[in-house]
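Visitor: A single structure is presented below for examination.
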Amino acid sequence: MNRQHYSYTHYASKDVAAGFDNLRFSGPIGQYLLQEQEALLMSAFEPLGSGQAEHRLTGCSLLDVGTGTGRAAIGLARAGASMVAVDASSEMLEVARERAEAAEVAVTFDVGDAHALPFPAEHFDGAVSLRVLMHTPDWSRCVGELCRVTRHRVVVDFPSLSSVAALESGVRHLRRALGHQVESYRVMPERSVIAAFEAHGFRVVQIHRQFVLPIALHKAIGSLTLTRAAERALAAVGLLWLAGSPVTMVAER
């Protein structure tokens, strides 16, 4: 795999790692995104757990691929899951370990590449990979690896080709081609991701679309009340179904 690809080089930075959480999850919209993410993951993996109430994921072994600063992994571990998390960036993992220690939860963090996971087949009950397919050099290979190491359920997310994110993605790719240091990403057709899962014996059982308007716009406005009102209105006329993004998919074997 090309280790000079931006998805490796961009995150191999202590400054990027230190500022990642503030960039993604600061302010009312960032906190709302985090709460929505945790609720989606709990819903997806709850059938695999044997616990109750706040520990409902007890008895469930999960893998977080591309864990970044460990947000998803820590939330799942707090709910009782036996949690392993990997990332290609040791700088991001350093922050993740500090966050897990502060939260007093047990997560095994290690360096690992989404294209070649260092685990045997069907080693985990479930796996999650958020904000990875949009950046990684070979997304379909990553889907194959997630399916290979998982017995039951896989959760991924990605920006939709049919969403406003496609315009932003195009602009970022153009800026990067012109020499600007920006984090570009791909947008993806849902049917391609569904087909990739099916090729590895998994079927998509849940699809969740989050926003019609760009997340950056919601963050710039900074009002959760306005965000909810606008998105409800757009969903009511069918735009969320047509152009909602990011898309979160739950696939099962």
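Visitor: If you take just the helices (runs of 4 or more DSSP H) that sit entirely in the stretch 67-178, which of them hold at least 2 residues that are more than 22 Å from residue 2 (Cα to Cα) and among the small types (Gly, Ala, Ser)?
Guide: On the way: elements: 71-78, 90-103, 139-148, 165-177.
Filter on the stretch 67-178 gives 71-78, 90-103, 165-177.
Visitor: Here is a follow-up. Quick test of your reading of the structure: residue 97 fulfils all but one of (1) within 17 Å of residue 17 (Cβ to Cβ); (2) among the basic types (Lys, Arg); (3) in contact (Cβ under 8 Å) with a residue 40 or more places away in the chain. Name the failing condition by number.
Guide: The failed condition is (3).
Visitor: If I ask for residues that are at pLDDT 95 or above and under 14 Å from the mean Cα position of the chain (by Cα), which ones from the stretch 133-157 would you list?
Guide: First, pick out the residues of the stretch 133-157 that are at pLDDT 95 or above: 133, 138-157.
Within the stretch 133-157, 133, 139, 142, 143, 146, 154, 155, 156, 157 meet the criteria.
Visitor: Is it the case, given these coordinates, that residue 41 is part of a helix (DSSP H, G or I), under 19 Å from residue 158 (Cβ atoms) and modelled with pLDDT of 95 or more? Steps first, answer last, please.
Guide: Values: part of a helix (DSSP H, G or I): yes; under 19 Å from residue 158 (Cβ atoms): yes; modelled with pLDDT of 95 or more: yes.
Yes: the conditions hold for residue 41.
Visitor: Only one of these is at pLDDT 85 or above and in contact with a Ser or Thr (Cβ under 6 Å, 6 or more places away or on another chain): 64, 21, 15, 87. Name it. Walk me through how you get there before you give the answer.
Guide: Numbers: 64 fails: in contact with a Ser or Thr (Cβ under 6 Å, 6 or more places away or on another chain); 21 fails: at pLDDT 85 or above; 15 fails: in contact with a Ser or Thr (Cβ under 6 Å, 6 or more places away or on another chain).
Result: 87 is the single residue among 64, 21, 15, 87 that is at pLDDT 85 or above and in contact with a Ser or Thr (Cβ under 6 Å, 6 or more places away or on another chain).
Visitor: Still on this structure: Check off (1) crowded, with 22+ Cβ neighbours inside 10 Å; (2) in contact (Cβ under 8 Å) with a residue 40 or more places away in the chain; (3) assigned to a loop (DSSP other than H, G, I, E, B) for residue 63 and give me the number that stays unchecked.
Guide: Exception for residue 63: condition (3).
Visitor: Using the structure shown, decide if residue 107 is crowded, with 22+ Cβ neighbours inside 10 Å, over 20 Å from residue 246 (Cβ atoms), in contact (Cβ under 8 Å) with a residue 12 or more places away in the chain and in contact with a helix residue (DSSP H, G or I) (Cβ under 6 Å, 6 or more places away or on another chain). Full working, then the answer.
Guide: Details: crowded, with 22+ Cβ neighbours inside 10 Å: yes; over 20 Å from residue 246 (Cβ atoms): yes; in contact (Cβ under 8 Å) with a residue 12 or more places away in the chain: yes; in contact with a helix residue (DSSP H, G or I) (Cβ under 6 Å, 6 or more places away or on another chain): yes.
For residue 107, the condition - crowded, with 22+ Cβ neighbours inside 10 Å, over 20 Å from residue 246 (Cβ atoms), in contact (Cβ under 8 Å) with a residue 12 or more places away in the chain and in contact with a helix residue (DSSP H, G or I) (Cβ under 6 Å, 6 or more places away or on another chain) - is met.
Visitor: Whether any residue in the stretch 15-26 is more than 22 Å from residue 134 (Cβ to Cβ), buried (at least 20 other Cβ atoms within 10 Å of the Cβ) and under 19 Å from the mean Cα position of the chain (by Cα) is what I want to check.
Guide: no
Visitor: Specify the residue that is surrounded by the most Cβ atoms within 10 Å (Cβ to Cβ); the eligible residues are those in the stretch 197-220 that are in contact (Cβ under 8 Å) with a residue 60 or more places away in the chain and not polar (S, T, N, Q). Break it down into steps so the answer makes sense when it comes.
Guide: To start, the set of residues in the stretch 197-220 that are in contact (Cβ under 8 Å) with a residue 60 or more places away in the chain comprises 206, 208, 210, 215, 218-219.
Narrowing further to those that are not polar (S, T, N, Q): 208, 215, 218-219.
Details: 208: 18, 215: 20, 218: 23, 219: 17.
Filtering the stretch 197-220 for residues that are in contact (Cβ under 8 Å) with a residue 60 or more places away in the chain and not polar (S, T, N, Q), the one surrounded by the most Cβ atoms within 10 Å (Cβ to Cβ) comes out as 218.
Visitor: Follow-up question, since we're still on this one. Any chance the stretch 223-230 includes a residue that's within 22 Å of residue 136 (Cα to Cα) and free of Cβ contacts under 8 Å to residues at least 60 places away in the same chain? Talk me through it step by step, then tell me what you get.
Guide: First pass over the stretch 223-230, keeping only residues within 22 Å of residue 136 (Cα to Cα): none.
The answer is no, given that none of the residues of the stretch 223-230 is within 22 Å of residue 136 (Cα to Cα) and free of Cβ contacts under 8 Å to residues at least 60 places away in the same chain.
Visitor: Considering only the stretch 1-56, how many residues are under 20 Å from residue 69 (Cβ atoms), free of Cβ contacts under 8 Å to residues at least 12 places away in the same chain and of a type in the set (S, T, N, Q)?
Guide: Residues in the stretch 1-56 being under 20 Å from residue 69 (Cβ atoms), free of Cβ contacts under 8 Å to residues at least 12 places away in the same chain and of a type in the set (S, T, N, Q): 5 in total.
Visitor: Sticking with this structure for a sec: Could you please give the count of residues in the stretch 45-75 that are over 23 Å from residue 135 (Cα atoms) and in contact with a strand residue (DSSP E or B) (Cβ under 7 Å, 6 or more places away or on another chain)?
Guide: Counting residues in the stretch 45-75 that are over 23 Å from residue 135 (Cα atoms) and in contact with a strand residue (DSSP E or B) (Cβ under 7 Å, 6 or more places away or on another chain) gives 4.
The values are calculated or read from the model by the stated rules, or taken from the named source; none is laboratory data. Because the structure is predicted, anything quoted here is derived from the model rather than measured. Positions of Cβ are generated from backbone atoms using ideal geometry, with glycine treated the same way; all protein chains shown enter the neighbour counts.
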